[in-house]
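Since every read-out is calculated from the coordinates, none of them should be taken as a lab result. Fair warning: this is a prediction, and the values are worked out from it, not measured in the lab. Counting neighbours? That spans all protein chains shown, and the Cβs are built from the backbone with ideal geometry, glycine included.
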Amino acid sequence: MSETEKVNIVPCSGIGKSFGSVSRLAAYYITEDDRPADTTLVPLALLVLGDKDTNNTVLSNPSITLDGCKLQCAKKMIGECGGQIAQDLVVLDVYRDHRDLKPAGIAVLNEAGEKLARALADVVDLIIDQTLGITREEKNA
Amino acid sequence: MPDLPPKKVGIITCSGEELPEGTVTRLAALRVLEQLRPGETVTICLPLFLAGGEGDRAFAKFYPTIAIDGCEKRCAYYGTVRYSNEPAASLIITDLVKKHGLEKPEGLRKLNEAGQQAVEMAANEMAAKVDSLLGKSWNRTKGEIDQSNNNEQPEETTPATCSCGSGIPITILTISDQEITVVGLPLIFETFQEKNKAPSVVILDEIMDMVKIYNRIEPDDEPALRVEIQKEYETYYQRINNE
């Protein structure tokens, strides 16, 4: 293991586009199902408010930002707080590799949107391993 | 009048991904935006007040806004106050749950029954607030409800969408080393140019009248601002005609 103990997962907080919902669902897959012990879900609203605990979390551990659109609020907010970004991802980039998974719906994503979120989460899981310095052997053990 | 965005109510949610109440805010806002008042509401992402531009920060000044928060930290409300303008109304889900004696909402991805009830109640309360705000006159100069209570009716609208990246156009003019932000100036210029109103003293009077509808101009700043706006319009008019 590296000195980094946890990775922050920072999804887009948008409610106007399907891609924002995909980023949020992927963040839930990662922080609730895949890697709950290795990750912290960071809500952007608390960073906007300047919440001290959330700011400290961002300063203490590297962040992976999951943005729904090119405006990249999550990436910009982590930068604004002085946090380290391990990787910044935009859902559209993952969608380019999965053209068959066109997301639709915001409150309730369609099946393709859920699968796209799963694909994004898989990408992030690998980045978490790299960031935490987890080897395949450690993972299997 | 220039073709500025029609009168709508802005809805800003905390979105709080870490709390079930945050999920309630998102779903309630979407219910209003998509189903209950689709033509009369618009939204913007809260982080855009920091991550976006001046146009995004003008959002809550231009639109009377409802802030909907999941908890007492009130990120949406205070974030909007700090970076844009005081919301015209607000709603806190934990208060609403308490008021109606609901069980605590649970489930970040899929809300329990209590969470779904909270969504319905919050959405209905917001829709009522939208109606109330549209029945009142919003003063875009002051960024607050006009107490003079004229009976302006809501205009015809189009389906609500996310306002991310489509903020109100603003122009920053420098007067005596002081920066003054003017809301809607390009749209005002466009309106005059389309009517072939060439720059002149009379036209400048008309432009200034229009600028004052959307901006609070301090009397001391007006003479210098007038000179700057005249220069801006002359440049704009010439550029468009050359094109």
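Examine the stretch A:47-59 for a residue that is touching a residue at least 40 places away in the same chain (Cβ under 8 Å), more than 17 Å from A:I127 (Cβ to Cβ), at the interface with chain B (Cβ under 10 Å from one of its Cβ atoms) and in contact with a Ser or Thr (Cβ under 7 Å, 6 or more places away or on another chain), and state whether such a residue exists.
There is no residue in the stretch A:47-59 that is touching a residue at least 40 places away in the same chain (Cβ under 8 Å), more than 17 Å from A:I127 (Cβ to Cβ), at the interface with chain B (Cβ under 10 Å from one of its Cβ atoms) and in contact with a Ser or Thr (Cβ under 7 Å, 6 or more places away or on another chain).
In the stretch B:23-39, which residue that is within 11 Å of chain A (Cβ to nearest Cβ) and among the charged types (D, E, K, R) is farthest from B:K110 (Cα to Cα)?
So the residue we want is B:E34.
Considering the stretch A:11-48 alone, what residues qualify as being in contact with a Cys (Cβ under 7 Å, 6 or more places away or on another chain) and in a loop (DSSP other than H, G, I, E, B)?
Result: A:C12, A:S13, A:G14, A:G16, A:K17.
Filter the stretch B:61-84 down to residues that are at negative phi and either surrounded by fewer than 23 Cβ atoms within 10 Å (Cβ to Cβ) or touching a Gly at 6+ places or on another chain (Cβ under 6 Å) (or both), then give me how many there are. Before the answer, list the steps.
The first filter runs over the stretch B:61-84 and keeps only residues at negative phi, leaving B:61-73, B:75-84.
Filter once more, keeping what is either surrounded by fewer than 23 Cβ atoms within 10 Å (Cβ to Cβ) or touching a Gly at 6+ places or on another chain (Cβ under 6 Å) (or both): B:61, B:63, B:65, B:70-73, B:78, B:81-83.
Count: 11.
State all residues of the stretch B:8-22 that are facing chain A (nearest Cβ under 9 Å), out of contact with any Phe, Trp or Tyr (no Cβ under 9 Å at 6 or more places or on another chain) and outside any strand (DSSP E or B); if no residue qualifies, say none.
B:S15, B:G16, B:E18, B:L19, B:G22
Is it true that some residue in the stretch A:1-14 is under 23 Å from B:G79 (Cβ atoms), surrounded by fewer than 19 Cβ atoms within 10 Å (Cβ to Cβ), out of contact with any strand residue (DSSP E or B) (no Cβ under 8 Å at 6 or more places or on another chain) and away from chain B (no Cβ under 13 Å)?
First pass over the stretch A:1-14, keeping only residues under 23 Å from B:G79 (Cβ atoms): A:8-14.
Still in the list and also surrounded by fewer than 19 Cβ atoms within 10 Å (Cβ to Cβ): none.
No, the conditions are met nowhere in the stretch A:1-14.
Consider A:K70 against the criteria (1) surrounded by fewer than 21 Cβ atoms within 10 Å (Cβ to Cβ); (2) more than 10 Å from chain B (Cβ to nearest Cβ); (3) out of contact with any Asp or Glu (no Cβ under 8 Å at 6 or more places or on another chain): it satisfies all of them except one. Which criterion is unmet?
Among (1) surrounded by fewer than 21 Cβ atoms within 10 Å (Cβ to Cβ); (2) more than 10 Å from chain B (Cβ to nearest Cβ); (3) out of contact with any Asp or Glu (no Cβ under 8 Å at 6 or more places or on another chain), the lone unmet condition for A:K70 is (2).
Considering the stretch B:43-52 alone, what residues qualify as being in contact (Cβ under 8 Å) with a residue 60 or more places away in the chain and either surrounded by fewer than 23 Cβ atoms within 10 Å (Cβ to Cβ) or facing chain A (nearest Cβ under 7 Å) (or both)? If you could, list the steps in order and put the result at the bottom.
First pass over the stretch B:43-52, keeping only residues in contact (Cβ under 8 Å) with a residue 60 or more places away in the chain: B:43-45, B:48, B:52.
Correct list: B:T43, B:C45, B:L48, B:G52.
Touching a Pro at 6+ places or on another chain (Cβ under 9 Å), within 14 Å of another protein chain (Cβ to nearest Cβ) and over 23 Å from B:R74 (Cα atoms), is that true of A:V22?
Values: touching a Pro at 6+ places or on another chain (Cβ under 9 Å): yes; within 14 Å of another protein chain (Cβ to nearest Cβ): yes; over 23 Å from B:R74 (Cα atoms): yes.
Considered against the rule, which asks whether it is touching a Pro at 6+ places or on another chain (Cβ under 9 Å), within 14 Å of another protein chain (Cβ to nearest Cβ) and over 23 Å from B:R74 (Cα atoms), A:V22 comes out as yes.
Take A:Q87 and decide whether it is more than 14 Å from chain B (Cβ to nearest Cβ) and assigned to a helix (DSSP H, G or I).
Details: more than 14 Å from chain B (Cβ to nearest Cβ): yes; assigned to a helix (DSSP H, G or I): no.
Answer is no for this residue.
Which pairs turn up if I take residues in the stretch B:73-85 that are within 8 Å of another protein chain (Cβ to nearest Cβ) and look for partners that are surrounded by fewer than 21 Cβ atoms within 10 Å (Cβ to Cβ) and of a type in the set (A, V, I, L, M) with beta carbon separation below 9 Å, at least 6 apart in sequence or on another chain?
B:G79/B:L50; B:Y83/B:L50
Which residues, taken from the stretch B:53-75, are within 14 Å of the chain's Cα centre (by Cα) and outside any strand (DSSP E or B)? First the steps, then the outcome.
So in the stretch B:53-75, the residues within 14 Å of the chain's Cα centre (by Cα) come out as B:53-67.
Hits for the stretch B:53-75 are B:G53, B:E54, B:G55, B:D56, B:R57, B:A58, B:F59, B:A60, B:K61, B:F62, B:Y63, B:P64.
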